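Working notes, structure below.
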Amino acid sequence: MSVTQSSVEHSNFLEIRNLKKEYTAGNPILKGIDIHITEPGIVAIIGPSGTGKSTLLRCINRLIDPTEGKILFDNADLCLAKGAQLRKLRRQVGMVFQEYNLVERLTVIENVLTGRLGYMSAWQAWRRKFSQQDINTAFELLDAVGLTEHASKRADSLSGGQRQRVGIARAVMQNPRILLADEPTSSLDPKTAVEIMELLERFSQEKNIPALVNIHDVKLASRFAKRMIGMSNGVVVYDGPPEGITDEHLKQIYGGESWLA
Amino acid sequence: MAGVNSTRLGANKDRENPFKHNWLVSSLWLLVVCYIVYSFNAMDLSLGRISDGLGHASDLLARMVPPNFSRWSLLLSGLIESLEIAVISSICGIFISLFLGLFAARNLMPSWISTPVRALIALCRTFHPVIIAILFVKSVGFGALAGILTLVVASIGFIAKLFAEAIEEISLKQVEAIRATGAGFTSIILFSVMPQVFARFIGFSTYQLDSNLRNSTMVGIVGAGGLGGTLFSAFQRFDYDFVAAILIVIIALIMFGEFLSNIVRHIFR
Amino acid sequence: MNAIDHHWQRFTLKQKLSRYAVYLVLVMAFVQSIQSVEVIPEFLLDAPEQMADMFSRMWPMDFAYYPVTVHDAMIETLNIATLGTLITLIFAIPLALMNASNIVSSTWCHWISKFFLVSSRSVNSLVWALLFVSIFGPGVIAGVLAIAFRSIGFVGKLLGEALEEVNMGSIEALKATGASWLSILLKGYWPQVLPAFFSIVLFRWDINVRESAVLGLVGAGGIGVVLDDSMNLFQWDRVAVSLLAIFIIVILAEILVVNVRKRLI
Ligand SMILES: Nc1ncnc2c1ncn2[C@@H]1O[C@H](COP(=O)(O)OP(=O)(O)OP(=O)(O)O)[C@@H](O)[C@H]1O
Ligand SMILES: [Mg+2]
């Protein structure tokens, strides 16, 4: 694992500088976040509920607009991007959601194919004119997540774990330069959660891209992550390898200690 | 039982009936009765006039049978014109409503777009189609054109509103997921909004086709083309057997329309 | 890797074909209608100008006309709508009971009630008005009855559906106590459909206010008569007053109904 990693030269995947976000003026949720991501692999973000983890991820692909700061991605500042440029940057950021957010009335394969919409003109989208190469890729991805036989089922007939696989396939279909996953395992049983994490790890290795994963399960996080970021009250309080996290850190992140046991 | 209870408890007071007498309901009934008395007076209605009328009614019914289909060519041309009005106005009305409904949806559009569009839709709804028909007849003359324009306006007032409501009820999570792939506005609509609302849109559209069919047989009464005009002049000439024939055709047409829209709904289910 | 090209299909062939058939029929009907309908294109192009001309004649409105006739006619219109809605209930409630399969099980009854309900809905209120005008002569009676007869189908159908949706558990419990048919209706069904009943009646009343405003055009009383008169005399400033009055009443009725329904539910 570390062999492949060291063979890759350190590149600038994503750089977040002094990011701030306030939903209501004077009430900041993110209070100046600095994160520099230079290596592929899973980066786990942990922190208590309401601390702004989702807000951070959604700022990165601009589903919400940051108040202040810089997000440097692909040699551009995401915070300033607008219109066509924003869409071009967004399609390079794959997002996986906690509640899967599949378009329920479309089939599984169609959901995977929607990952290509950022690359298509409105006219092509209207005619559902996906290129043959896209269709082949979609089926390969579906195979990779083990859902080939479900390809033409409607998305709302799948189980949670299956849906999340489709969600991941859709994100990878974008051919992203980074993956974001907002609590991808929170609605799943422990075994399925591990499988989903394995999938994310596998894709981030295959594509040689980083995957930012919000996650509540610290054990699961340290098992897969190369790097952990602990957030509390809108600031980063730990940033380093998972082995470096001590009970002291966890106390600082989550507060209290009775839960540590 | 009650006696046993009261002696044991030593209480002589009667319990209250749990089915409470509802004063609100009683006064509502009283109000209704008063209103009926008042309105009969105000409108000068009397049972005498009504029973007089019933005599006429049996007369009228007797003159309606047997229905007279001898002027079938007149009937047919009116019927065809009604159908044409219904088809053209439904297709145009549904097409325009698709866009207006989208622009009126408050969850996808900023309020400076949705508010004026909603006002326009509300305006189309407020007036009865017949009043709109009169205004169109006065401005574009007698005939099918006035009928078509009327029913386009009526369709907008009805289904653009339903479209907008359907869009407002969709799950925004699915929209957000597609937006996150970098899709443009059109693609977002096509791949996350439309799949969620398409089936309901088909339902509304077939319903509108139905109701345009009904109304296309009516707007003719004020001169806006179709079978209604034929019906109105038959009434004025006291050709009640022809009236009966026209009514039968209208009812058959409407039932046929309902049959067709059931098939369409079934296909798109 | 790319040895086989994948295919995916949204629908089966049969589904696809039947959908295309619907689209095709629609397009053909549309083209055919456009070609054969008797519309003079110049009139269509001329329409905006004519409309503008008409509206310019409506201004300034003749407000002095309001107290003379419009006010009384508006009251009459409201009375037609209200009384018509009340009379509907006399017919609609029994038909709804007959139509609800959990109350009456005889298929004969269903067919009979269905026949009346469907006929009531298929005939437009304006046509009902024409019929009643030729029976009772011009005037409010025709209007009230037209409204009543047109509403039977609407109220009867919706009320029947509401009755079918009641919770049968509590009905069975009542039956088990040996209650009579009438008391089951009154203490079992009625409380359960009460909100639906009022909401249906109010909804229909709202529609009836709109409809009763036009019945006068065929002589069935109300504001329509006034509208028709001033239109025939080309008194557009008076037409405008009537239209404005209708507009305001319709909006008020809708606001009233929406608010009352909110409290009911
Ligand atoms: N759209 C919004 N408008 C206003 N406030 C918001 C909005 N979204 C989130 N917030 C607030 O921002 C804070 C951070 O929310 P966020 O969802 O980012 O937390 P989180 O760290 O993801 O929590 P969790 O672990 O429970 O998902 C919360 O206090 C929340 O109330
Ligand atoms: Mg969150």
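What follows is calculated from the coordinates using simple rules that are stated; it is not laboratory data. For clarity, every value in this text was computed on a predicted model and none was experimentally measured. Using ideal geometry, Cβ is built from the backbone for each residue, glycine included, and neighbour counts are taken over all protein chains shown.
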Residues C:Glu164, A:Glu248 arranged by fewest to most Cβ contacts within 10 Å: A:Glu248, C:Glu164
As an exercise, use a Förster radius of 35 Å and the Cβ-Cβ distance of B:Ser111 and C:Glu42 to find the FRET efficiency, rounded to the nearest 0.05. 0.30
Quick check: the angle from helix A:160-173's long axis to the longest principal axis of chain A, C-alpha only, nearest 10 degrees? 80 degrees
Cα-based shape type of the range C:23-181, given that a ≥ b ≥ c are square roots of the gyration tensor eigenvalues and the cut on a/c is 1.5: oblate
Provide the net charge surrounding B:Pro129, with neighbours chosen by a C-beta distance below 13 Å and charges set as Lys +1, Arg +1, Asp -1, Glu -1. +2
Based on the Cα coordinates of the range C:66-264, what is the per residue volume of their convex hull in Å³? 117 Å³
From the square roots a ≥ b ≥ c of the eigenvalues of the alpha-carbon gyration tensor of the range B:52-139, which class results: rounded (a/c under 1.5), prolate (a/b over b/c), or oblate? prolate
Place a +1 charge on the Cβ of each Lys and Arg in the protein assembly as shown and a -1 charge on the Cβ of each Asp and Glu, then give the dipole magnitude about the Cα centre in debye, rounded to the nearest 20. 920 debye
Dimensions of the range C:143-227 along principal axes (Cα, Å, largest first)? 58, 18, 15
7 Å from Cα along Cα→Cβ at both C:Thr177 and A:Lys88: what's the point-to-point distance in nm? 7.6 nm
Measuring from label point to label point, each 7 Å out along Cα→Cβ, what is the B:Phe99 to C:Lys187 span in nm? 6.2 nm
Net charge around B:Leu145, counting only other residues with Cβ within less than 14 Å of its Cβ (Lys, Arg = +1; Asp, Glu = -1)? -4
Could I get the Rg over Rh figure for the range C:68-153? Both from C-alpha atoms, Rh via Kirkwood, rounded to two places. 1.10
Translational D (Stokes-Einstein, µm²/s) of the range B:72-267 at 4 °C and 1.567 mPa s when Rh comes from the Kirkwood sum over C-alpha pairs? 72 µm²/s
Computed over the range A:109-161, Cα set: Rg, Dmax in Å: 11.8, 34
Of the DSSP H helices in chain B, those whose Cα atoms cover at least 27 Å axially and whose Kyte score averages 1.6 or more: B:23-42, B:72-104, B:240-267
Take peptides C:200-212, B:25-37 and line them up by average Cβ neighbours within 10 Å, highest first, as a rough protection proxy. C:200-212, B:25-37
Restricting to DSSP H runs of at least four residues, report the calculated mean residue ellipticity at 222 nm for chain A, -39500 (n - 2.57) per run over all residues, nearest 500 deg cm²/dmol. -10000 deg cm²/dmol
The alpha-carbon center of the range A:209-258 and that of the range B:72-130 are separated, in whole Å, by 57 Å
If you consider only alpha-carbon coordinates, what radius of gyration and Dmax does the range C:109-177 have, in Å? 17.0, 54
First measure r as the distance between the Cβ atoms of A:Ser11 and A:Glu198, then evaluate 1/(1 + (r/R0)^6) with R0 = 25 Å and state the FRET efficiency to the nearest 0.05. 0.55
Exposed GluC sites (Glu not before Pro) absent: longest stretch of chain B, with sites in DSSP loops and at most 13 other Cβ within 10 Å deemed exposed: B:17-168
Looking at the calculated P(r) for the range A:184-245, what percent of the C-alpha pair distances fall above 20 Å? 29 percent
Just to check, using Stokes-Einstein with a Kirkwood Rh over alpha carbon pairs, what's the diffusion coefficient of the protein assembly as shown at 4 °C and 1.567 mPa s in µm²/s? 41 µm²/s
